[in-house]
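Take a look at the structure below.
The values are calculated or read from the model by the stated rules, or taken from the named source; none is laboratory data. Please read all numbers here as calculations on a predicted model, not as lab measurements. Every residue, glycine among them, receives a Cβ derived from its backbone with ideal geometry; neighbour counts consider all protein chains shown. Remember, those area values only see protein heavy atoms, side chains included, never the ligands or the DNA or RNA. Shrake-Rupley method; radii C 1.70, N 1.55, O 1.52, S 1.80 Å.
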Amino acid sequence: MSDVKVRIDGREVTAHEGMTILEAARLVDIEIPTLCHSPDLIPSGNCRVCVVEIEGARTLAGACHTPAADGMVIQTRSPKVLTSRRATVELLMAGHTGECVTDVHTDQCDLRKLADHLEGGAPRFLMRKPRWYPIEEANPYVRRDMSKCILCRKCIGACQEIAKKNVYGIAYRGFASKVVVDFDDPLTTEVCRDCGICIDYCPTGALSKPAKRGGVQ
Amino acid sequence: MPEKRILLKNCGIIDPRDINAYVAHDGFKAWEKARHALTPDEVVAEIDTSGLRGRGGAGFPCGLKWKLARQEAADEKFLICNADEGEVGAFKDRHLLQHDPFSLIEGIAIAAYAIGAQKAYIYLRAEYHYLSAGLKNAIDQTRQKGCLEELNITIQEGAGAYICGEESALMDSIEGKRGEARFRPPFPPSQGLWGKPTIINNVETLANIPPIILNGSQWFREIGTAQSKGTKLFSVSGDVAKPGVYELALGSPLKELVVDLAGAQDIKMVQVGGATGGIIPASMITTPLAYETVLGSGAVTVFDASREVLDFVYRTMEFLAEESCGKCTPCREGTEAMMEIIGRLTTGDGKQEDIQAIEDLSQTMMLSSLCGLGQAASIPVLDTLKYFRNDYENRIRQSVFLRSLRGQL
Amino acid sequence: MNTLQEQTLLSRREQASLLAKLKEAQKEFGYVPREFMAETARALGLPIGAVYGMTTFYSFLSTRPLGKYVIRICKSIPCCMQNAAMIIDSVAAEIGITPGQNTADGRFSFELTNCIGACDMAPAMLLNDELHGHLSPGKIAEILKACK
């Protein structure tokens with residue numbers, strides 16, 4: 001495999017061909033935030049939090065799926081990048097309904113951590129009707145609180161690619177999109193028995209171990 | 001400059017159900033020429049030299065696209081004709097499919113030969129199901145004539161989703177999935193349908209191929225402007241006396257199309273390019289229609305002085321929010337947040353901060369969305385803000401006044 | 001492309017038939033029944049959720065039964081400008097239901113749709129697969145009367 005040379009935030013980086021910008025940046029400890037990305041899963045590129053500026057490009061590029069190409073000049077913290085990333089996170093926050101402040105799962109929420117980190121000011125955006133779904137606790141292994149879901153689809157990927165179980169699908173479209181089980185049914189033991197791997201990949205606590213029966217919180 | 005009928009030359013003249021009528025009007029001569037006098041590389045070079053650019057909206061150089069797919073070594077390559085004309089105000093592809101399907105089939109045959117595709121799909125929107133019988137008939141007759149010996153053409157019908165006109169979503173739809181945008185790279189000419197090299201061309205782009213091959217790229221280059229060669233079909237609707245499909249040399253002034261040909265009067269603004277198209281106010285009505293200025297898919301909607309800008313913006317954003325595939329955050333959440341603001345503005349509940357919020361949101365959607373829908377969704381909003389800012393500000397002032405009457409300031 | 005991606009892409013070739021299958025069901029039953037989705041998912045080795053996801057993504061597929069005649073009035077801008085609202089009202093008056101509903105006898109479903117590419121004939125509608133343009137209240141009455 002040949003090497004590619006890129007410049008990230010002013011630093012020369014030698015990456016392997018086929019590496020993404022995200023991977024190349026990590027070689028020199030430049031951290032680019034992500035929500036929908038996991039090194040274990042096929043990239044989806046849906047959250048748009050990892051966007052970076054590539055010199056000469058019309059739009060920003062997702063670092064988690066764009067291959068580093070020889071000669072690329074990349075900015076991971078330019079004003080354009082930070083403004084856009086902040087607004088994207090704000091939009092995700094605005095799409096929720098729920099008690100993020102008092103909820104016990106809040107400390108698990110990567111979105112909230114990211115929002116705090118990006119220091120957005122007063123909320124600028126509202127949704128006509130933020131998402132609200134009843135909490136699903138029928139399954140002893142996975143508790144679903146879909147109001148917290150940011151549609152990153154990592155649960156779908158983990159279930160499909162790692163557990164090889166195919167429990168989840170994505171349904172509806174646009175703002176109404178939702179990660180569903182079967183015909184948008186509650187998650188029961190009929191379809192999902194025990195692995196709970198999706199919980200490890202959920203960035204917001206939409207999926208969690210049930211407090212009573214799931215053991216250690 | 002009057003209309004220049006190259007693409008429309010057969011429309012309404014010949015019987016679209018009869019291949020013999022098409023053949024009698026130079027039909028399949030370009031195909032014969034390509035097959036017998038030119039190598040695939042020469043066909044690609046000819047299209048490249050002609051300067052033909054995509055007619056679906058994005059305007060990517062057609063020859064370059066073909067060249068990229070041609071040079072890929074693969075056991076399988078695909079050609080897709082994008083007949084998912086979902087752009088609001090667009091019906092020029094419908095017109096071609098209805099009145100001259102053979103020109104499209106000939107264009108497909110030449111394109112497949114040039115890039116080395118053995119299989120072609122025509123992705124036809126569900127709303128145009130009534131055109132599929134005529135199209136199938138044209139394919140069958142062409143095959144019987146012996147012009148499709150090495151190519152298998154399938155008509156693949158959509159099921160009601162504007163986003164499937166976006167090329168990556170279109171491919172997902174053919175693969176039997178939800179029509180969602182894919183990230184790029186990889187680009188379709190290297191990894192498209194099922195990961196194989198794929199060319200996706202709009203109906204009108206493919207209909208341009210036979211005349212270019214037949215008359216030569218130099219002939220084509222003489223029509224149009226520096227960056228915009230050839231003619232373009234425009235579908236004109238809205239406040240005009242004669243809505244319909246018109247063909248003009250690229251670079252023709254907008255005024256000629258909407259006033260001289262379509263008979264518009266008392267114009268307030270014109271949207272060029274469909275739901276995500278740019279806005280041209282009446283004061284700029286002589287703007288040339290070209291890739292350098294404003295063009296898109298050639299959908300042209302005329303609004304007269306009686307129309308409200310914010311009603312238009314609301315309906316447009318509602319359309320985009322309903323048709324967003326929902327995969328990426330800026331488009332899925334952004335169109336919804338935009339609806340919240342514009343909805344309030346139209347119902348008289350605007351706030352001072354709204355314009356700033358619209359501008360901030362637009363910027364992010366444009367820069368970070370995964371595909372053209374989200375990237376272009378804010379164009380009509382930003383353009384109307386640019387030319388009709390007063391309409392927004394007045395609404396906000398009225399809102400503030402109304403609130404003060406209600407004692408809710 | 002990594003091997004995993006390659007495999008996923010290859011294994012999905014047969015999935016290409018999914019949309020056509022769902023459309024056939026829609027045509028035959030007037031909607032896509034759950035049993036049909038479950039069966040199709042099994043046959044293609046897909047999660048039921050993925051098939052349900054397909055059905056709910058495309059607006060010409062429905063998970064609830066539609067009437068024998070589906071009226072789809074275009075509500076996009078060019079039709080709006082030619083008074084589509086009046087056509088919507090006259091359909092409502094004619095068959096006594098509002099958009100999103102079916103008539104009790106199962107004859108009609110009434111839907112609003114985005115641009116159907118008939119802006120030169122605005123206001124326009126699709127009646128099942130058939131296009132009707134230059135609509136007026138009189139014409140609506142006539143067209144709907146012919147629907148037996």
Pairing a residue in region B:275-287 that is closer than 14 Å to B:Val258 by Cα with any residue that is in a loop (DSSP other than H, G, I, E, B), where Cβ atoms lie under 6 Å and the two sit 6 or more apart in sequence or on different chains, gives B:Ile280/B:Thr287; B:Thr287/B:Thr293
Restricted to region C:70-99 and to residues being open to solvent by less than 40 Å² (accessible area, probe 1.4 Å) and of a type outside the set (A, V, I, L, M, F, W, C), the residue nearest to C:Met125 (Cα to Cα) is C:Arg72
Matching residues in region A:111-129 (modelled with pLDDT of 90 or more and open to solvent by 50 Å² or more (accessible area, probe 1.4 Å)) number 4
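Determine whether C:Ala104 is open to solvent by 40 Å² or more (accessible area, probe 1.4 Å), part of a helix (DSSP H, G or I) and either of a type in the set (A, V, I, L, M, F, W, C) or in contact with an Asp or Glu (Cβ under 8 Å, 6 or more places away or on another chain) (or both).
When the stated conditions are applied, C:Ala104 does not pass them.
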Check your understanding: Does any residue of region B:117-125 turn out to be under 20 Å from B:Trp31 (Cβ atoms), within 11 Å of another protein chain (Cβ to nearest Cβ) and either open to solvent by 10 Å² or more (accessible area, probe 1.4 Å) or at pLDDT 95 or above (or both)?
Key -> yes
Considering region A:107-130, residues that are touching a helix residue (DSSP H, G or I) at 6+ places or on another chain (Cβ under 6 Å) and in a loop (DSSP other than H, G, I, E, B), and then whichever is farthest from B:Ile341 (Cα to Cα), we arrive at A:Gly120
All-but-one check, B:Leu135 against (1) aliphatic (A, V, I, L, M); (2) touching a residue at least 60 places away in the same chain (Cβ under 8 Å); (3) more than 11 Å from every other protein chain (Cβ to nearest Cβ), failing number (2)
Note on region B:169-193: residues in a helix (DSSP H, G or I) and either in contact with an Asp or Glu (Cβ under 8 Å, 6 or more places away or on another chain) or open to solvent by 40 Å² or more (accessible area, probe 1.4 Å) (or both) are B:Ala169, B:Leu170, B:Asp172, B:Leu193
- Query: Looking at region B:305-318, is at least one residue charged (D, E, K, R), more than 23 Å from the chain's Cα centre (by Cα) and under 26 Å from B:Ser404 (Cβ atoms)?
  - Reply: yes
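Name the strands (runs of 3 or more DSSP E) wholly inside region B:240-322 in which the number of residues that are of a type in the set (Ser, Thr, Tyr) and either open to solvent by 20 Å² or more (accessible area, probe 1.4 Å) or within 13 Å of chain C (Cβ to nearest Cβ) (or both) is 1 or more.
Values: elements: B:244-249, B:267-272, B:278-281, B:299-304.
The strands (runs of 3 or more DSSP E) meeting that bar are B:244-249, B:299-304.
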When every residue in region C:10-42 that is of a type in the set (A, V, I, L, M) and open to solvent by 40 Å² or more (accessible area, probe 1.4 Å) is compared, the one modelled with the highest pLDDT is C:Ala20
Of the candidates C:Met54, C:Met86, the one satisfying the condition of being of a type outside the set (Asp, Glu) and within 14 Å of chain A (Cβ to nearest Cβ) is C:Met54
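Being within 30 Å of C:Ser17 (Cβ to Cβ), in contact with a Gly (Cβ under 9 Å, 6 or more places away or on another chain) and at pLDDT below 95 narrows it down to one residue among C:Pro47, C:Pro65; which is it?
Every option except C:Pro47 fails the conditions.
Okay, residues lined up against (1) closer than 30 Å to B:Phe319 by Cα; (2) of a type in the set (Asp, Glu); (3) surrounded by fewer than 24 Cβ atoms within 10 Å (Cβ to Cβ):
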position: B:Gly57; (1), (2), (3): yes, no, yes
position: B:Gly63; (1), (2), (3): no, no, yes
position: B:Gln71; (1), (2), (3): no, no, yes
position: B:Ala109; (1), (2), (3): no, no, no
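How about region C:106-129: which of its residues are closer than 22 Å to C:Gly96 by Cβ and facing chain B (nearest Cβ under 7 Å)?
Answer for region C:106-129, where residues must be closer than 22 Å to C:Gly96 by Cβ and facing chain B (nearest Cβ under 7 Å): just C:Leu126.
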Taking first residues from region B:182-203 that are within 14 Å of chain A (Cβ to nearest Cβ) and second residues anywhere that are assigned to a strand (DSSP E or B) and open to solvent by 40 Å² or more (accessible area, probe 1.4 Å), the pairs with Cβ under 9 Å that are 6 or more apart or on different chains are B:Pro185/A:Pro67; B:Pro186/A:Pro67
Filter region A:131-150 for residues that are within 25 Å of B:Arg344 (Cβ to Cβ) and among the hydrophobic types (A, V, I, L, M, F, W, C); the one that is surrounded by the most Cβ atoms within 10 Å (Cβ to Cβ) is A:Ile150
